[in-house]
Amino acid sequence: MNNIICAVLLAVLMLTHPFCVGGVTLCIASCLAAVGGTALLGTTAILPAIGFASSGITAGSWAAAWMASFGGSVPAGGCFALFQSAGGVLPPLIEEADLTDWCQMSLICGRHGNLIHILGSLGRCLCNEGFTGSCCETRAPVTKTPIITLISNKTVVEGTAVVTIACNAEGIPAPVVTWEEIDAKLQPNVRQIGHFLVIENVTMANKGYYICTAKNRVGTEIKAVRLIVTTKTSRPYAAPVISAPSTVKVRYYTDARLVCTITGYPEPTVKWEYSKNKTIPGAKISGGILVIPNITSEATGLYTCIASNDIGSSRANIMLEATYESPKFVSSPQSYSGNTGAPHNFTCTATGHPVPKITWMFSSFSNHINKLPQHKIHRNGDMIELVNMEESGILTCKATNAFGIATAKAQVIVHHSDCNHAQIFYVIKKSQKVG
C-alpha cells in the first residue's frame, strides 16, 4: 500500500509542481521519506509506478529524456529502479527494474548489508544500532561499566613487612583504578602500584577502610576493604581445640546451657549446628555458649559447635536430653476426727517435674456425693481448710503433672453433739498412679 501511495505522490508532484521538473530527485527522495522506506545495503530503490503523462517536464531534461523512452508516459504497473549514492541525494538516474525483484520500496546505501532508514527530504541514511559511518560500514564499539572484585577485609599483624590488596576491575574500555583511604590521605608507607594497594612495615595507624574506585567513560564503581591490624605477640599459632560434655540433661521447662570451651590462636570463630536443621525459638549464642530457654522434647537432639581459625578447625557434639519426674508425695493429708462445725486444716505436698498441680476431692459416707464441703484453699493449693464440717467421708489429695498422677486419702469423722462416740483415728491410705 505504501508503494502505491508513493507512486501516486510522485505522479502528482510531477504533474502539478513545475519546480519539481528539474528536481525530480528531491521529489522522489521526499516521497521515499514520506513512506519510511528501508532497504538492505547494496540494493536499488524500487518504485512501483502508476500511469502518468510527461506534462510539465522541461524538454531536454534528464527526466524528460527518460520519459521519452517510454513514449512520454510511464506505463501503469511497471517497476523502475532509482539509484542513490551512499548518504547523499538521489542522482538523476532512473531505469526499468527487473520485475523479479518485486515492487517494494527500498534504498541503496553502500555495500555492507546493514538495515538503514530514510530521514528528511534529502533521503539521508541512518544506520541501525551498532553501526556507524557514511555507509554504516563500521560496528560501534561494545562498552561495559566497571565491575570490581575486592575482598571485604584483611587481617595482618603489626610490623608485617609488605601487605598487598588487589582491586581487580573489569570493563570496556578498561577502567582506571585508584586507591584512597576513607576520609584521609594515604599514609606515607602506603602507595598504589597498578591496581594493587601496597602497605610497607604495617603499623596500627594503617588500620581502617580503604576505597577502590574503578572508572571508565561508561560508569564508575566503588568498593571498600577493611584492614585489621593486630598487635604483635609471641604466642604460638594453634588450631582450635574444643572441650565439651557429650550429653547434657535438663529438666523440662527449664533453660538449657550448652558450653564448648575452646582454645586456639588466632582466636577461633564459633558457630553452632542442630541435627534437626531448624531454628530454636529464643536460642541465644555467645561464642562457645548456647542457651536454649524453656526446654521441651522439640529442642532435644544433637548440637554441634564448630571452631575455626587460620590454622585449622575443630568440632564437638553435645546430645541434649530433657528429663522429667512424676509426682511423689512429701507429706500427705492426715485422717481427722472431730465435732460438728469445727474447722480443720489438711496439707498435701508433692514433688515432681514439672511441678505437680494439687487438687482436692471429698466423698461423703452418707450420701456418696463427691463434693467438697465449705472450705478454703491456702498457699499453692497444698493446704485446705474445711470450715464447717457436717459430714464424715474421704478427703482425697491428687497431684498431677504431664508425666503422672499421685493420690493420697484421709478419713474425716464428724461427731454430732448428741452422740457419745470415742475418737477414732484412721491410718491414711495412699495410692499412686504413674502415667
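At a glance:
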quantity: All-pairs alpha carbon distance profile, region 339-410, 5 Å steps from 0, percent; calculated: 4, 16, 26, 24, 15, 9, 5, 2
quantity: For I384, I318, I222, order by how many other beta-carbon atoms lie within 10 Å, fewest first; calculated: I222, I318, I384
quantity: Cross-link pairs K185/K223; K249/K398; K328/K376 - those with Cα-Cα distance over 20 Å; calculated: K249/K398; K328/K376
quantity: Amide H partners (placed H, <5 Å) of F365, local residues excluded; calculated: S392, G393, I394
quantity: Packing-based exposure ordering (other Cβ within 10 Å, fewest first) of L150, L302; calculated: L302, L150
quantity: Sorted largest first, extent of region 208-360 alpha carbons per principal axis (Å); calculated: 105, 43, 30
quantity: Order of T279, T160, T155 - criterion: other Cβ atoms within 10 Å of each residue's Cβ, fewest first; calculated: T279, T155, T160
quantity: Spin-label pair T269/A342, simplified geometry with 7 Å Cα→Cβ offset, distance in nm; calculated: 7.7 nm
quantity: Anchor K144: lysines whose Cα lies under 16 Å away (excluding residues fewer than 8 positions away in-chain); calculated: K215
quantity: Cα→Cβ-extended label distance, 7 Å offset, between T231 and T261, nm; calculated: 2.5 nm
quantity: Simple label model, 7 Å out from Cα along Cβ direction - A184 to E390, nm; calculated: 9.1 nm
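Every number in this text was worked out from the coordinates using simple rules, so none of it is lab data. These figures come from a predicted structure and were not determined experimentally. Because the Cβ atoms are built from the backbone with ideal geometry, glycine has one as well, and the counts that use them run over all protein chains shown.
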